[in-house]
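The structure appears right after this line, and notes come after that.
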Amino acid sequence: PFDFNRRIAEAYTAEMLDVIALARETGIPRLNLHLMRGVYVTLPGKRIYLYDVYRDEYLKNVRAFAERCEKALAGSDTLICMENVDEGLDDFHRAAAQCLFEYPHFGLTLDVGHACMTGDKDIPFYDAHEDRLRHMHLHNAAAGPHMPLDEGSIDIQACLRRAERSGSTVVVEVKTIEGLRRSCEWLRTRGKL
């Protein structure tokens, strides 16, 4: 929705407004939004992201999107939560999040597996904005993402404590039925399910 091409941005925004209408109709409490990196140019040794180079225009688009979503969410308890991405948040993502925090229907999603896979580089940002944390994608990780809760290197108990402190909803995000069964059993034996 932040794309510099207005037709693309409008298509994304229209889709989000349809999703908001569905959420209102069905009582869905959280909508998840990935902050995309957008278009970039690859140079020797680095990528240059247009959202970073043209940050003022990018943030103007972020605010325009937020205002339309806020209007659609008026009187609703549904929140739009921005998720950390698997490569970590860039500075322009953090600036976008700061803009979105100006609106009451926006919060954060912490995907603990994405955090782990980036060496927890986004955790200081989440610590600083724990009051905006409203949703969590919970799974374990080590050799790869989306592992059941009973294996991997993430301190799942600490994640659950963070979710409880912030009042976040939690989705167990594993990719197989067996992984879900094992994760549910792990939660059940600890009195969390």
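List the trypsin sites (Lys or Arg not before Pro) in segment 99-193 that DSSP assigns to loop (not H, G, I, E or B) and whose Cβ has at most 14 other Cβ atoms within 10 Å. Which are they?
Here the trypsin sites (Lys or Arg not before Pro) that fit, given the DSSP loop and packing criteria, are Lys121, Lys175, Arg190.
Roughly speaking, to the nearest percent, how much of segment 1-56's 1.4 Å accessible area is carbon and sulfur?
58 percent
How many Å² of accessible area per residue for segment 97-160, probe 1.4 Å?
I get 36 Å² per residue for this part.
Based on alpha-carbon centroids, what's the gap between segment 46-92 and segment 122-190 in Å, whole number please?
About 24 Å separates the Cα centre of segment 46-92 from the one of segment 122-190.
Any idea how far apart Ser76 and Arg165 come out in nm if each label point goes 7 Å out from Cα toward Cβ?
So the two model labels end up 3.0 nm from each other.
Each label point is 7 Å from the Cα along the Cα-to-Cβ direction; what then is the distance between the points at Tyr103 and His129, in nm?
Taking the simple label geometry, Tyr103 and His129 are separated by 1.4 nm.
In nm, what is the difference between 0.36 nm times the number of residues separating Asp56 and Ile8 and their Cα-Cα distance?
15.4 nm
Which FRET efficiency value, to the nearest 0.05, is calculated for Asp120 and Thr189 with the Förster distance at 22 angstrom and r the Cβ-Cβ distance?
My answer for the efficiency is 0.25.
Let me spell out the model: positive unit charges on the Cβ of Lys and Arg, negative unit charges on the Cβ of Asp and Glu, origin at the Cα centre of segment 75-193. What dipole size does that give, in debye rounded to 20?
Here the size comes out at about 500 debye.
Consider a paramagnetic label point 7 Å from the Cα of Glu151 along Cα→Cβ; state which residues of segment 166-190 have an amide N under 18 Å from it.
Taking a point 7 Å out along Cα→Cβ of Glu151, the residues of segment 166-190 whose backbone N falls under 18 Å are 173-187.
The values are calculated or read from the model by the stated rules, or taken from the named source; none is laboratory data. This one's a predicted model, so the numbers in the text were calculated from it and none came from an experiment. Because the Cβ atoms are built from the backbone with ideal geometry, glycine has one as well, and the counts that use them run over all protein chains shown. What goes into the accessible areas is simple: the full protein's heavy atoms, side chains included, and nothing from ligands, DNA or RNA. Shrake-Rupley method; radii C 1.70, N 1.55, O 1.52, S 1.80 Å.
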